[in-house]
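So the structure is just underneath, and the comments pick up after that.
The values are calculated or read from the model by the stated rules, or taken from the named source; none is laboratory data. Just so it is clear, the model here is predicted, and its values are computed rather than measured. Backbone-built Cβ (ideal geometry, glycine too); neighbour counts: all protein chains shown. Protein only, heavy atoms only, side chains kept; ligands, DNA and RNA dropped before computing areas. Shrake-Rupley method; radii C 1.70, N 1.55, O 1.52, S 1.80 Å.
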Amino acid sequence: MYNVKNDSNTNQTAGENRPQDMFFELSETLESGFEFLLLRENGAQISLKRGEIEPVFENGKAFLQCMTGDGLKVWRIISGKREEKRLLLAAAAGSDSERLELIPRITAADLLAGIKGARLEKAGEIAAIVAANVPNSKIARLKLSPGIRAGEYGGSAQILLQTSGKEQAAVFAQVVSKIANPEAFLVSAMSWFFNISGRAKNVRIEQLWLVADKRTLTKLKKIVALMKPRRREQIRLFTVDEENKTIGEIKVPEFNRLWREKPRKLKIPREQELSETARHLKALAPEAIDVTFSAHGENLRFHGLPFARVRTLLGKEKAWFGIDRKRRILDEDSGEDLFKFFEELKANRNHETTNKAHYFFRASPEHWLESILRRDITQLDANLILSPIYHQFRAAAKLGGQIDLLALRRDGRLVIIELKVSPSRELVFQAAGYWRQIEIQRRSGNLAKARAFGDLEIADVPALVYLVAPALSFHRDLEMWAATISSKIEMYRYDLHENWRENIKVLQRTRIG
């Protein structure tokens, strides 16, 4: 495509080796791969990942910058040509010019093909072990579950196991090393199961077998135990011992046996006095700023968006402000920058902003909703007691997750509140898991002993669950998943008006499940 020229001062004819063409050529090459090898004229070889090398078009010139052993290196690209997958470049850095060779080591297509092959191989091994341990069974079908994006593959396999002439078991198996979200794994499995069991002809598919690691199944068995008896009986849980080629079943406990679990000791956060720095920062916008405490100090949030931290080190208060990685130490030199930052924050993180594409407006919407309700939970339900309200409450071990809000009604009934501002398929199962954790603490008397709600009495009845979201932000399958959960879990759907940032208005409250 291009002629390689080694002279950085060579004049270019019209339309030949245009810098913008070189920029697009570099961009296309980098977008096609994940790992690259950059060969320099002096023989140096630099291995790079996609995030470590970048094309730049500036002032009508094309540049290539990347990290080398000597730090950041920037070359101006003079010309280049493609030879198969590699890109040959003539480049200049200052007065020095050299030839560069950019070679994709792993292309996107190669990487996806490699992932697919490895996961299919894993799925085949698991399917063979399961079939070998189930008498008179054989593999009827095997494929990878689809990923989130088209053309991608998820971390699970869909296996149909022929167990008799007219019966098949749907086997949903983990084919990656770790499952980050067990509830999402369960939802994907059940969605597939409902789909194929409803369309099956000449065979019956009445059982769903989940094959995963023990850590995942330990959590899932407690969620499956909360399902209606018919659904609970359809699901079986298995681990695979690949070394010994055997499978082991993990039994799902009966609903009434869930309360035998020993609850963790609760640490109820008590009211703490704000540091002097936190008080000054909160005074900038007391109605919008709240403060959360951790073992390491105070975190200040503007409508739920963390923007400052205060720590006490060796008896001295230290503060940082800013969003994500763009943070600065608060000192005498940065005071003016703090006020500029805060003005931008106030201008863009409010319901009246004209720039709704701004990061400050879009970031952490669920925390924004949570911060509004924490200030006045009666906007959601007039029967709820205004204080105390616990946010991000942890009722179980670290793997148990955190409840968005935990409150108490005037009749003494506990309320678990889960907030969403975008559709979530696993919301029902996540909330059911939190309900079980709170019920263990309530039945054991731990919440009362810890005086979680002071002198207020906690009623001897199960907690309620409120699922709260803007009306259009509930997943379309919410009712279907709620119908699988035991009717002993009293669950309500709260539909909010879409302009919840301006005013919390409950459009309807519906019992589900």
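Is region 174-184 home to any residue that is in a strand (DSSP E or B), crowded, with 21+ Cβ neighbours inside 10 Å and free of Cβ contacts under 8 Å to residues at least 60 places away in the same chain? Step through it out loud before you land on a result.
Filtering region 174-184 for residues in a strand (DSSP E or B) gives 174.
After this cut, where a residue has to be crowded, with 21+ Cβ neighbours inside 10 Å as well, the list is 174.
Adding the requirement that they be free of Cβ contacts under 8 Å to residues at least 60 places away in the same chain leaves 174.
Yes, region 174-184 contains at least one residue that is in a strand (DSSP E or B), crowded, with 21+ Cβ neighbours inside 10 Å and free of Cβ contacts under 8 Å to residues at least 60 places away in the same chain.
Restricting to region 120-145, name every residue that is crowded, with 18+ Cβ neighbours inside 10 Å and closer than 18 Å to residue 192 by Cα.
123, 127, 142, 144, 145
Please determine whether any residue of region 412-428 is among the hydroxyl-bearing types (Ser, Thr, Tyr) and touching a Leu at 6+ places or on another chain (Cβ under 8 Å).
no
From the set of residues in region 479-513 that are basic (Lys, Arg) and open to solvent by less than 80 Å² (accessible area, probe 1.4 Å), which is nearest to residue 258 (Cα to Cα)?
If we take residues in region 479-513 being basic (Lys, Arg) and open to solvent by less than 80 Å² (accessible area, probe 1.4 Å), then 493 is nearest to residue 258 (Cα to Cα).
If a residue counts only when it is at pLDDT 80 or above and acidic (Asp, Glu), which strands (runs of 3 or more DSSP E) contained entirely in region 1-99 have at least 2 such residues? Before the answer, list the steps.
Numbers: elements: 33-40, 45-49, 53-58, 61-68, 71-83, 86-93.
Where strands (runs of 3 or more DSSP E) fall fully within region 1-99 and carry at least 2 residues being at pLDDT 80 or above and acidic (Asp, Glu), they are 53-58.
On the basis of being over 30 Å from residue 167 (Cα atoms), surrounded by 13 or more Cβ atoms within 10 Å (Cβ to Cβ) and touching a Gly at 6+ places or on another chain (Cβ under 8 Å), does residue 55 make the cut?
Judged against the criteria, residue 55 is not a match.
Would you mind telling me which numbered condition in (1) at pLDDT below 90; (2) open to solvent by 50 Å² or more (accessible area, probe 1.4 Å) residue 257 fails?
Result: residue 257 passes all but (1).
Could you figure out which of (1) in contact (Cβ under 8 Å) with a residue 12 or more places away in the chain; (2) polar (S, T, N, Q); (3) in a helix (DSSP H, G or I); (4) open to solvent by 10 Å² or more (accessible area, probe 1.4 Å) isn't true of residue 371?
For residue 371, the exception is condition (4).
So, of the residues in region 271-299 that are within 15 Å of residue 392 (Cα to Cα) and either aliphatic (A, V, I, L, M) or assigned to a loop (DSSP other than H, G, I, E, B) (or both), which turns out to be least open to solvent (accessible area, probe 1.4 Å)?
Checking each candidate, the answer is 291.
Quickly run through region 400-418 and pick out the residues that are open to solvent by 10 Å² or more (accessible area, probe 1.4 Å) and of a type in the set (D, E, K, R).
Step one: of region 400-418, the residues open to solvent by 10 Å² or more (accessible area, probe 1.4 Å) are 400-402, 404, 409-411, 413.
Matches in region 400-418: 404, 409, 410, 411, 413.
Quick test of your reading of the structure: residue 119 fulfils all but one of (1) assigned to a helix (DSSP H, G or I); (2) within 18 Å of residue 481 (Cβ to Cβ). Name the failing condition by number.
It is condition (2) that residue 119 fails.
Scan region 300-345 for residues that are in a strand (DSSP E or B) and either touching a residue at least 60 places away in the same chain (Cβ under 8 Å) or not hydrophobic (A, V, I, L, M, F, W, C) (or both) and report the count.
Total meeting the criteria: 13.
Going by the structure shown, is residue 446 out of contact with any strand residue (DSSP E or B) (no Cβ under 9 Å at 6 or more places or on another chain) and exposed (fewer than 14 other Cβ atoms within 10 Å of the Cβ)? Can you show your working first?
Details: out of contact with any strand residue (DSSP E or B) (no Cβ under 9 Å at 6 or more places or on another chain): yes; exposed (fewer than 14 other Cβ atoms within 10 Å of the Cβ): no.
For residue 446, the condition - out of contact with any strand residue (DSSP E or B) (no Cβ under 9 Å at 6 or more places or on another chain) and exposed (fewer than 14 other Cβ atoms within 10 Å of the Cβ) - is not met.
Here is a list: 428, 421, 468. Which entry is within 19 Å of residue 364 (Cα to Cα) and surrounded by 22 or more Cβ atoms within 10 Å (Cβ to Cβ)? Outline the logic, then answer.
Numbers: 428 fails: within 19 Å of residue 364 (Cα to Cα); 421 fails: surrounded by 22 or more Cβ atoms within 10 Å (Cβ to Cβ).
Only one candidate passes the filter, namely 468.
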